[in-house]
Amino acid sequence: MDTTAWIVVAAVLVLLTVGVAGILLVRVFRARKLLVDAGIPLHNKALVWAAVLYTVSPVDLLPDPVYLDDIGFLLLALRSLHAAARAAGVGGREEGTAEAGRLVP
């Protein structure tokens with residue numbers, strides 16, 4: 001493959017990882033109902049906001065074109081929040097919304 005093909009492949013991979021990080025960031029913000037709920041432990045709430053700050057921060061473990069560390073941290077935070085909500089009995093499905101209570105696939 002020539003240089004142009006490698007650049008195109010790299011650009012597509014960067015766009016995909018940015019897209020995944022963006023989707024996860026949106027899911028974190030949609031989970032804010034669980035963040036204000038008193039049944040969720042403070043450390044789970046703090047982990048979610050730490051993940052958001054880490055994602056938008058210019059300081060990363062991996063250089064910014066590689067969003068794998070951001071994606072991993074957001075996934076960890078969402079799964080932790082989802083597990084804490086389930087353990088607290090919060091975040092059940094509401095009538096009329098298919099996505100209610102669903103944070104992580």
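Values in this text are rule-based calculations from the coordinates and carry no lab data. Only a predicted model underlies this, so the values are computations on that prediction, with no experimental measurement involved. Cβ atoms come from the backbone with ideal geometry, glycine included; neighbour counts cover every protein chain shown.
Residues T3, T55, T17 in ascending order of nearby Cβ atoms (within 10 Å, fewest first): T3, T17, T55. Placing dummy labels 7 Å off each Cα toward the beta-carbon, the span from V90 to F29 is 2.1 nm. Convex hull volume per residue, computed on the Cα atoms of region 3-88, equals 81 Å³.
Counted by Cβ distance under 13 Å from V20, the other residues give a net charge of -1, where Lys and Arg count +1 and Asp and Glu count -1.
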